[in-house]
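The structure under discussion appears below in the form of structure tokens.
The values are calculated or read from the model by the stated rules, or taken from the named source; none is laboratory data. As the structure is a computational prediction, the values presented were derived from the model and not from experiment. Counting neighbours? That spans all protein chains shown, and the Cβs are built from the backbone with ideal geometry, glycine included. Side chains are part of the model used for accessible areas, which takes the heavy atoms of the whole protein and leaves out ligands, DNA and RNA. Shrake-Rupley method; radii C 1.70, N 1.55, O 1.52, S 1.80 Å.
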Amino acid sequence: MANKRFEIELPKEAVDELHLKDGEQFDIQVSNQAFKVLPNRKTEQNQNQQLSIRRFLIPSILASAFFAFFTIWQNENLVPLTGTNSIATWVIFLGEITGMATFMYTHLQSIRIMVDPVKKKVARRLAPTLFFSFALIQAFTSVALFWAIGYLFQAASFDSLTATLIFFIFISVENYVMIYSATLISTTFMMFLLIITIVCGVLVAMVTNSRLLWWQHNFSFLGTAKADFSWTFNATLMVAGLLWATLIDYLFVPIQNRIPRNWRLILLRAFLTFDALCLFAIGALPNDPGILHIAHDTAANFLILGTGLPMISIRFLLPNASREFFIFSFSTAIGMLLSSLLFYGIHYFSLTAFEIFVLTMGISWLLLLMQNIHELYEIKDNTYSFTLKALN
């Protein structure tokens with residue numbers, strides 16, 4: 001057995017997808033009782049790495065030079081770390097410009113080299129929504145980061161040189177993260193980003209309003225004018241809605257190309273897109289008194305309805321899903337129904353408890369549904385079969 005030689009024959013689709021050439025060498029990566037066949041492109045990887053370094057260093061140096069010139073022109077002996085006209089202010093402002101510029105350039109370059117015309121068309125169509133979502137995420141993350149830094153280092157100030165070096169470090173990290181994120185764009189990454197955005201944003205809103213005893217009002221209190229930093233809660237829901245809508249397109253376009261004119265999938269996609277719009281509307285319409293309260297509650301009720309209907313009809317809408325997911329869907333629907341009875345019927349649940357239970361169960365189910373759709377369809381499209389042959 002040790003002296004035998006083997007060969008594998010790759011399908012043409014895999015060769016085209018990886019841009020392989022005749023005589024090209026491969027690496028085999030073995031782990032966890034499985035292996036991956038990887039093209040050996042160390043020289044190309046090194047060139048890409050050098051290009052990535054230039055992409056984040058050049059805009060970082062230019063932004064730092066502008067910051068240094070401005071601090072000298074202001075003739076300030078000390079530059080504050082946070083607050084008005086501070087290091088934080090300029091990192092947020094210039095970081096948003098340079099970070100999104102490098103993100104957009106890197107993503108558009110990756111679209112340009114795509115071979116599959118369908119994937120290229122989808123990527124181009126979704127690019128504006130993706131850019132807007134990441135612009136909000138970057139702004140949200142930068143503000144939250146410097147809010148925490150300002151809380152830890154209160155009244156910290158630095159001389160112009162030190163301030164410029166600190167600025168350079170922060171903006172370099174921002175630009176690098178944005179470039180790296182652009183190279184990771186996929187349905188799996190966006191699903192992970194969606195979960196992190198929702199969890200972190202809501203937790204920050206809860207913590208910052210703990211002294212206001214927000215749970216004595218309702219969950220939506222976190223986004224009202226009475227709450228501290230209400231923008232964190234509202235921005236989280238808006239960004240999550242945008243990411244959700246973009247993720248739905250990423251998942252369903254290749255599915256509907258492979259299974260065209262399937263009205264079950266069209267109906268399921270319509271439900272999910274409607275839910276994403278409702279989630280965005282809940283964040284865009286804070287639960288303040290007057291017309292905003294009515295609009296906010298309407299969007300929240302539509303989200304529950306738009307989640308509950310596909311939940312109880314999932315066997316019909318997605319017949320190839322696993323039996324465990326069917327059971328989970330019906331169990332979640334029953335849990336949401338019981339929560340409604342405990343709130344509307346016998347008034348056992350408070351409004352806060354009802355909102356937390358229903359929203360947590362609904363969003364958890366929707367995320368798991370997307371994961372099932374991804375596993376059932378997209379992974380199969382990227383999986384190729386080949387036969388191992390013994391040569392001697």
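Of the residues W263, L242, A225, the one whose Cα sits farthest toward the positive end of the charge dipole of segment 200-271, with +1 on the Cβ of Lys and Arg and -1 on the Cβ of Asp and Glu, is W263.
Could you give the dipole magnitude of segment 233-377 about its Cα centre, charging the beta-carbon of Lys and Arg +1 and that of Asp and Glu -1, in debye to the nearest 20? Don't skip to the answer; put the middle values down first.
On the way: 6 positive and 7 negative charges, 118 e Å.
Rounded to the nearest 20 debye, it is 560 debye.
For segment 165-311, the equivalent ellipsoid derived from the Cα gyration tensor has semi-axes of 29, 26, 10 Å, listed largest first. Rounded to the nearest whole Hz, the Karplus-based 3J(HN,Hα) values (6.51 cos²θ - 1.76 cosθ + 1.60, θ = phi - 60°) of segment 239-251 follow the sequence 5, 4, x, 5, 4, 4, 4, 5, 4, 4, 5, 4, 6, with x at glycine and proline. For the pair segment 257-307 / segment 83-97, the C-alpha centres are spaced 35 Å from each other. Average accessible surface for segment 75-127: 55 Å² per residue, computed with a 1.4 Å probe over protein heavy atoms with every protein chain in place. For V79, the residues whose amide H sits under 5 Å from its own are F158, D159, ignoring neighbours fewer than 5 places away on the same chain, with H placed 1.01 Å from N.
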